[in-house]
Amino acid sequence: MVSIARKNLFHDKIRFIITLIGVTFSVVLIFAQVGIYLGFMQNASIVIDNTDVDIWITSKNTPNFDWAQAFPETKINLARETKGVLHAEKFILAWGVMKRKEGGTEQVEIIGYNPNSGIGGPWNMKEGRASDVKGGKHIIMDESAEKKMGEFHIGDEREVMNQKVKVIGITKGIKSFTTAPFIFTSYDTAKGLASYIGQDSTVFILVKTDPAENIHEIVQRLNERLKGVDVYTSRQFSNRTRWYWTVETGMGMGFLMTAFMGFAIGIVIVGQTIYTSTIEHLREYGTLKAIGANNLFIYKIIFEQAIVNAVIGYIVGFVITQFLIKGYEKTGLAMIIPNYLIVSVFFLTLLMCISASFISIRKATKIDPAIVFKV
Amino acid sequence: MEENNIEVKRLKKIYHEASVEVIAVDDVSFNVKSGEVVAVMGPSGSGKTTLLSIMGCILRPTSGEVIIKGIKTHEMDEHSLPEIRNRYIGFIFQAFNLFPALTALENVEVSLNLKGIKGKRAKEEAKQLLERVGLGDRVDFLPMDLSGGQKQRVSIARALANRPSIILADEPTGNLDSKTGHSVIELLRDLSVKEKSSVIIVTHDNRIMDMSDRVLYLEDGRLKNGANSKKR
């Protein structure tokens with residue numbers, strides 16, 4: 001069967017290319033905005049999401065992982081006595097400064113965990129082991145920190161908060177949302193480095209629960225027993241952290257608005273080009289009707305044009321996005337395009353192109369029949 | 001006795017432009033038999049094209065009847081009319097109205113596709129129709145690469161795609177030179193005889209008047225001298 005839609009599209013190459021540029025631009029913009037946002041969000045809750053515990057106990061009104069305040073560490077005893085709690089660990093996140101190799105300092109986020117249990121320790125170890133932080137002022141850094149801190153290797157000595165520490169491990173892909181590198185060390189070393197926290201304080205208590213118990217009931221029990229703190233499931237605290245950066249800072253809305261603008265620009269460009277094309281082919285649609293085509297046949301032509309534009313524009317946009325991801329990763333940041341986003345943006349592109357063609361549909365089906373007889 | 005392919009009875013079409021009522025076709029009645037060539041002549045604005053549009057079921061009459069092969073098309077709803085056009089009517093336009101992005105073969109094939117003939121069979125039939133109008137060697141040409149006469153021949157091949165009982169032609173020679181126009185008229189005449197189609201031609205071209213079986217003269221929407229203005 002002859003495809004008038006495809007023939008018309010490929011016949012007018014310039015218009016076709018303009019439409020494709022519009023669709024591709026939209027696809028790339030949507031992928032980039034959502035991908036960068038997801039990259040940021042992954043980093044925002046990366047430690048929470050990769051720590052094998054069920055409950056996080058924080059100081060009251062802690063807005064996110066990075067800005068937690070200290071609270072008395074004695075509360076861990078109450079936590080351990082609570083029904084349903086299998087294990088509880090103290091865990092520190094503190095801000096500090098590290099001297100750069102080439103001089104100057106950079107802010108770092110010091111994470112202190114119990115190296116015996118390993119809970120809250122680093123993952124994705126490239127060199128060394130998480131338990132190696134025992135027995136001295138030993139730290140584990142992520143390879144991505146080299147950009148800020150200069151080149152480092154196992155055995156190198158560095159200065160954190162004016163105290164000498166030794167690099168004994170290197171991780172891969174553990175980046176903070178704030179861009180300040182994470183430094184993993186033992187709980188005791190962390191307290192020594194960030195002495196401002198206070199000897200009797202901790203920043204988090206991490207809890208493993210009995211799988212046979214209802215986790216929400218355990219959260220309620222902990223809330224009742226431990227006054228002056230907040231208790232969250234890991235999922236809740238991860239979402240709270242993401243929510244803070246997304247909504248309360250307005251950052252998420254910014255990304256969402258730009259992604260929406262990409263969608264809107266796509267509709268305008270595709271709608272405009274399909275509409276112009278429809279106007280120019282109005283006589284052809286009239287002729288088709290005269291020789292026996294019904295409205296459905298005309299709809300199919302216009303929708304097919306929209307779908308061809310969407311599919312080709314999407315594929316080109318997706319390929320460009322892959323290059324963009326590689327380029328973006330070189331800057332040390334992540335653009336995450338999960339499978340659900342690939343599928344969603346495809347259907348969004350289809351929706352964009354099909355909705356853009358509705359005005360044309362109206363125009364084509366309201367053709368004055370006499371048009372076929374006009375010279 | 002030859003049967004009537006189309007019967008037009010007391011046909012009237014009134015347009016309302018602003019608050020003014022314009023009677024484009026006024027109480028027109030006539031029949032056209034199979035194999036008959038009828039020319040509809042008259043000055044510009046006399047209602048010829050409106051009449052043709054109503055006969056072609058692309059415009060609804062204000063009143064009156066249009067009966068095609070015994071089917072009362074004026075009583076049918078809007079959605080059923082494409083099927084009538086598809087089955088019984090072939091159109092030929094002054095401006096050819098070919099699809100510029102399609103080859104000559106594809107232009108004819110589209111019409112066959114609309115009739116449910118698809119794939120290889122549609123291609124073969126389209127090629128045969130183009131050969132019939134003398135364009136067997138131009139099947140892969142785009143309209144822009146064809147002369148005016150060749151375009152009109154493609155248009156005729158397309159109109160023949162459904163072996164129509166009625167061919168409605170609007171100024172088919174209007175954009176053609178004298179020699180080409182003559183060959184197109186001869187082709188239409190020949191087809192009406194061979195296919196037993198009724199050919200109704202709206203025209204200003206006197207050569208068509210000479211080659212038609214009958215001439216209907218329209219003025220101010222009314223048929224002058226009745227339905228048998230001239231017998232060949």
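Distance distribution note for the protein assembly as shown: the fraction of Cα pairs above 42 angstrom is 50%. Neighbour counts of C-beta atoms inside 10 Å place A:TYR196, A:TYR340 in the sequence A:TYR340, A:TYR196, starting with the fewest.
Span-like helix criteria (full DSSP H runs; alpha carbon extent of at least 30 Å along the helix axis; mean Kyte-Doolittle hydropathy of at least 0.0) are satisfied in chain A by A:13-44, A:251-280, A:295-329. The calculated 222 nm mean residue ellipticity attributable to helices in chain A amounts to -16000 deg cm²/dmol, summing -39500 (n - 2.57) over DSSP H runs of n ≥ 4 and dividing by all residues. Residues in region B:78-85 carry Karplus couplings, in order, of 3, 6, 8, 5, x, 5, 5, 4 Hz; the curve used is 6.51 cos²θ - 1.76 cosθ + 1.60 with θ = phi - 60°, and Gly or Pro positions show x.
Averaged over its residues, how many other protein chain Cβ atoms are within 10 Å of peptide B:73-85's Cβ atoms?
2
Compute the helix-to-body angle for B:148-159: its Cα long axis versus the longest principal axis of chain B, expressed 0 to 90° and rounded to tens. Tilt relative to chain B: about 80 degrees. Placing +1 on the Cβ of every Lys and Arg and -1 on the Cβ of every Asp and Glu, with no other charges, gives region B:1-117 a dipole of roughly 80 debye about its Cα centre. Put in line by how crowded their Cβ is, counting other Cβ atoms within 10 Å and starting with the fewest, A:GLU224, B:GLU195 read A:GLU224, B:GLU195. Mean-square fluctuations from a GNM of chain B, with a 10 angstrom spring cutoff on Cα atoms, peak among B:LEU59, B:LEU51, B:LEU160 at B:LEU59. In this simple spin-label approximation, A:ARG80 and A:MET253 carry label points 7 Å from Cα along the Cα→Cβ vector, and these lie 4.6 nm apart. The convex hull defined by the C-alpha atoms of region B:127-190 has an orientation-averaged projected area of 4.3 nm².
Normalising the average separation of contacting C-alpha pairs (under 8 angstrom, six or more residues apart) by the number of residues puts the relative contact order of region B:55-177 at 35 percent.
Using a Förster radius of 45 Å, what is the FRET efficiency between A:TYR299 and A:ASN50 based on their Cβ-Cβ separation? Nearest 0.05, please. Don't skip to the end; give the middle numbers.
Numbers: r = 50 Å, r/R0 = 1.12.
The calculated FRET efficiency here is 0.35.
Counting, for every residue in B:93-104, the Cβ atoms of other protein chains within 10 Å of its Cβ and taking the mean gives 6.
Applying 1/(1 + (r/R0)^6) with R0 = 51 Å to the Cβ-Cβ distance of A:ILE320 and B:GLU65 gives a FRET efficiency near 0.25. The mean number of Cβ atoms from other chains found within 10 Å of a Cβ in peptide B:57-69 is 1, as a whole number.
DSSP beta bridges fully contained in chain A are about 75 percent antiparallel. Extension gain, A:LYS172 to A:GLU217, is 12.6 nm, computed as 0.36 nm per intervening residue step minus the present C-alpha separation.
Here region A:278-322 has an Rg and Dmax of 14.7, 47 Å, counting Cα atoms alone.
Beyond 27 Å, what percent of the Cα pairs of region A:109-240 remain? Cα-Cα pairs in region A:109-240 separated by more than 27 Å: 28 percent.
Rounded, prolate or oblate: which fits region A:1-50, taking a ≥ b ≥ c as square roots of the Cα gyration tensor eigenvalues, rounded meaning a/c under 1.5, else prolate when a/b beats b/c?
Values: a/c = 9.58, a/b = 3.48, b/c = 2.75.
Here region A:1-50 falls in the prolate category.
In a fully extended conformation the segment linking A:ASP156 and A:GLU224 would gain 19.8 nm over its present Cα-Cα distance, using 0.36 nm per residue.
What Kirkwood Rh does region B:103-232 have if only Cα atoms enter the pairwise 1/r average? Answer in Å. Walk me through the numbers on the way to the answer.
On the way: mean 1/r = 0.0641 Å⁻¹.
One decimal place: 15.6 Å for the Kirkwood radius.
The 3J(HN,Hα) values that the Karplus relation (6.51, -1.76, 1.60; θ = phi - 60°) gives for region B:120-134 are, in residue order, 4, 4, 4, 4, 5, 5, 5, 5, 4, 5, 5, 5, 5, 9, x Hz. Gly and Pro appear as x. Evaluated with a Cβ-only charge set (Lys, Arg +1; Asp, Glu -1), chain A carries a dipole of roughly 1080 debye about its Cα centre, given to the nearest 20. Please give the calculated 222 nm ellipticity per residue for chain B, where each DSSP H segment of at least 4 residues contributes -39500 (n - 2.57) and the sum is spread over every residue; nearest 500 deg cm²/dmol? Rounded to the nearest 500, the figure is -10000 deg cm²/dmol.
Peptides A:12-18, A:64-70, B:169-175: what's the order by average Cβ count within 10 Å, highest mean first? Write down the numbers at each step before the final one.
Numbers: A:12-18: 13.6, A:64-70: 18.7, B:169-175: 23.4.
Descending packing order for the listed peptides: B:169-175, A:64-70, A:12-18.
Once a ≥ b ≥ c are taken as the square roots of the eigenvalues of the Cα gyration tensor of region A:147-198, is the result rounded (a/c under 1.5), prolate (a/b larger than b/c) or oblate (a/b not larger than b/c)? Write down the numbers at each step before the final one.
Numbers: a/c = 1.75, a/b = 1.28, b/c = 1.37.
Verdict is oblate for region A:147-198.
The H on the amide N of A:HIS87, modeled in the peptide plane, is under 5 Å from the matching H of A:LYS208, each at least 5 residues off or on a different chain.
Using a cutoff of 8 angstrom between alpha carbon atoms and counting only pairs six or more residues apart, the relative contact order for chain B works out to 29 percent.
Beyond 27 Å, the tail of the calculated P(r) for region B:1-129 holds 31 percent of the Cα pairs. Going by neighbour counts of Cβ atoms within 10 Å, the residues B:ILE6, B:ILE201 line up, fewest first, as B:ILE6, B:ILE201. Long-range amide H contacts for B:LEU216: which residues qualify at under 5 Å (H placed 1.01 Å from N, peptide plane, sequence gap of 5 or more or a different chain)? Here the answer is B:ALA39, B:VAL40, B:MET41, since their amide H atoms fall under 5 Å of that of B:LEU216. Shape index of region A:1-129: Rg/Rh, with Rg the Cα radius of gyration and Rh the Kirkwood radius from the inverse mean 1/r over Cα pairs, equals 1.28. Counting only alpha carbon atoms, the long axis of helix B:178-195 and the longest principal axis of chain B meet at about 80°.
Taking chain A as a Gaussian network of alpha-carbon nodes connected by springs under 10 Å, the highest mean-square fluctuation of the residues A:ALA293, A:ALA356, A:ALA79 belongs to A:ALA293. So what does log10 I(q)/I(0) come out to for region A:301-375 at q = 0.18 Å⁻¹, using the Debye formula with one equal point on every Cα and no solvent? Calculated log10 I(q)/I(0) at the listed q: -0.80.
Rounded to 0.05, the FRET efficiency of the A:LEU350 and B:VAL193 pair, given R0 = 60 Å and the Cβ-Cβ distance, is 0.70. For the residues B:LYS120, B:LYS12, B:LYS33, a GNM of chain B with alpha-carbon springs under 10 Å puts the largest fluctuation on B:LYS120. When both region A:164-180 and region B:127-178 are represented by their alpha-carbon centers, they are found 77 Å apart.
Extension gain for the segment A:LYS330 to A:THR179, taken as residue separation times 0.36 nm less the Cα-Cα distance, is 52.9 nm to one decimal.
Only the coordinates and a few stated rules stand behind these numbers; no lab work does. All figures in this text were calculated on a predicted structure; none of them were measured in a lab. Every residue, glycine as well, gets a Cβ built from its backbone with ideal geometry; the counts of neighbours run over all protein chains shown.
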